[in-house]
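Have a look at the structure below, then the notes.
Values in this text are rule-based calculations from the coordinates and carry no lab data. Note that this is a predicted model, so its numbers are computed, not measured. Counting neighbours? That spans all protein chains shown, and the Cβs are built from the backbone with ideal geometry, glycine included.
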Amino acid sequence: MADASSLLSTVSRNASRGDKRLFVSSTARFSINGWARLLLDNINNGLVADLHSGLIPADPAFNNRNDAVMFNFKVTEIGPDWIGFDRPLAVNVSTAWRPEIHSWSSYTRTECGVEKLTIRMTWSPYAGMNREQGWNALNFWWTPHSWVNDVSILNADMGVIVDGSPFLPVRMRRLHLPYLDLI
């Protein structure tokens, strides 16, 4: 999770999906080719509503969630009050969503991988939503530049959970989730 020590700057102006530049309150802590992470909070479900273009209602479970969107990039340009980056924004950015840009210093684990492994859970009948045993095979939490390769997961409730872990390819040999048999 991001903390004050990794804060590089706040975003000072709104930006549109596809932009490759953000206006910031300060450029002092940025460096060319440095990795950074834009964090957006889902204030009053405004961010989620924007992501869905207002077409479907936002799930109340995500209302006011911190760090609802994390967009990682490499800094390519630094201006007097803006930074440029290597890829276009995947989402709109509103100052109402408390946009902050953090360094990657809060990532304590990187380049972690799981390869050539089979995980087999005990089979059990589907117990209903949120009543499962919780047979969760792999969880990558804030581990960028990591991987899952040539892995089989059998009878799990969840196969691979990836949260806050950019640039993490998952290449499965076999994935069998028993609840999919019910569909």
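In Å³ and rounded to a whole number, note down the convex hull volume per residue for the Cα atoms of segment 4-106.
Numbers: hull volume 8.9 nm³, N = 103.
So the per-residue Cα hull volume is 87 Å³.
Among 46-57, 5-16, what's the highest-first ranking by average C-beta atoms within 10 angstrom per residue? The partial results should precede the final answer.
On the way: 46-57: 14.0, 5-16: 16.4.
In decreasing order of mean packing, 46-57, 5-16 become 5-16, 46-57.
Residue 86's amide H: which non-local residues (gap 5+, or another chain) put their own amide H closer than 5 Å, with H modeled 1.01 Å from N in plane and none for Pro or chain starts?
74, 76
Output the antiparallel fraction of DSSP beta bridges having both residues in the chain, as a percent to the nearest 5.
Values: 21 of 39 bridges.
Here the share of antiparallel DSSP bridges comes out near 55 percent.
To the nearest 500 deg cm²/dmol, what mean residue ellipticity at 222 nm is calculated for the chain from DSSP H runs of n ≥ 4 alone, each contributing -39,500 (n - 2.57), summed and divided by the residues? Working shown, then result.
Working: 1 runs with 6 residues, N = 183.
Here the helix-only value at 222 nm equals -500 deg cm²/dmol.
Compare the Cα positions of 103, 64, 114 along the charge dipole of segment 39-118 (+1 at Cβ of Lys, Arg; -1 at Cβ of Asp, Glu; about the Cα centre) and return the one farthest towards the positive end.
114
Any chance you could list the semi-axes, whole Å, largest first, of the equivalent ellipsoid that the Cα gyration tensor gives for segment 113-182, using √(5λ)? Please list the in-between numbers first.
Numbers: eigenvalues 104, 39, 15 Å².
Taking √(5λ) for each Cα gyration eigenvalue gives 23, 14, 9 Å.
Can you compute the FRET efficiency between residue 111 and residue 56 using 1/(1 + (r/R0)^6), with r the Cβ-Cβ distance and R0 = 45 Å? Round to the nearest 0.05. It would help to have the intermediate numbers written out before the result.
Details: r = 37 Å, r/R0 = 0.83.
That gives a FRET efficiency of 0.75.
Round to a whole angstrom and tell me the spacing of the C-alpha centers of segment 33-85 and segment 117-183.
One Cα centre to the other: 26 Å.
Suppose every Lys and Arg Cβ carries +1 and every Asp and Glu Cβ carries -1, with no other charges. What dipole size does segment 50-165 come out with about its Cα centre, to the nearest 20 debye? Before the final figure, lay out the partial values.
Numbers: 8 positive and 13 negative charges, 55 e Å.
Dipole of segment 50-165, to the nearest 20 debye: 260 debye.
Counting only Cα atoms, I'd like the Rg/Rh figure for the chain, Kirkwood definition for Rh. List each step's numbers first, then the result.
Values: Rg = 19.2 Å, Rh = 18.5 Å.
Across the chain, the Cα-based Rg/Rh ratio is 1.04.
Taking amide H atoms as placed 1.01 Å from N in the peptide plane, list the residues 5 or more away in sequence, or in a different chain, whose amide H sits under 5 Å from that of residue 165.
Sorted by chain and number, the residues that satisfy this are 142, 143.
Taking segment 26-125, which GluC sites (Glu not before Pro) meet the DSSP loop condition and have no more than 14 other C-beta atoms within 10 Å?
Working: sites: 77, 100, 111, 115; in loops: 111.
Counting only loop positions with at most 14 other Cβ atoms within 10 Å, the GluC sites (Glu not before Pro) in segment 26-125 are 111.
Could you list the chymotrypsin sites (Phe, Trp or Tyr not before Pro) in segment 118-163 that lie in coil according to DSSP, counting only those with at most 13 other Cβ atoms within 10 Å of their Cβ? Mind dumping the intermediate values first?
Working: sites: 123, 126, 135, 140, 141, 142, 147; in loops: 123, 126, 135, 142.
Here the sparse-neighbourhood loop sites are 123, 126.
Would you mind getting me the FRET efficiency between residue 127 and residue 171? Use the beta-carbon distance for r and R0 = 25 Å, nearest 0.05. Please report the intermediate quantities before stating the final value.
Working: r = 30 Å, r/R0 = 1.20.
Step by step, r from the Cβ atoms, then E = 0.25.
With +1 on each Lys and Arg Cβ and -1 on each Asp and Glu Cβ, how big is the dipole of segment 4-106 about its Cα centre, in debye rounded to the nearest 20? Mind showing how you got there, number by number?
Values: 10 positive and 9 negative charges, 36 e Å.
Charge dipole of segment 4-106: 180 debye, to the nearest 20.
Got a sec to turn the phi values of segment 145-154 into Karplus ³J(HN,Hα) couplings, 6.51 cos²θ - 1.76 cosθ + 1.60 with θ = phi - 60°, whole Hz, x for Gly and Pro?
Couplings: 6, 10, 7, 10, 9, 6, 10, 10, 10, 10 Hz.
Which whole-number percent is the relative contact order of segment 113-182 (Cα, under 8 Å, 6+ apart)?
Values: 143 pairs, mean separation 25.5, N = 70.
Contact order relative to length: 36 percent.
Report, by chain and number, residues whose modeled amide H sits under 5 Å from the one on residue 175, excluding near sequence neighbours (fewer than 5 apart, same chain).
153
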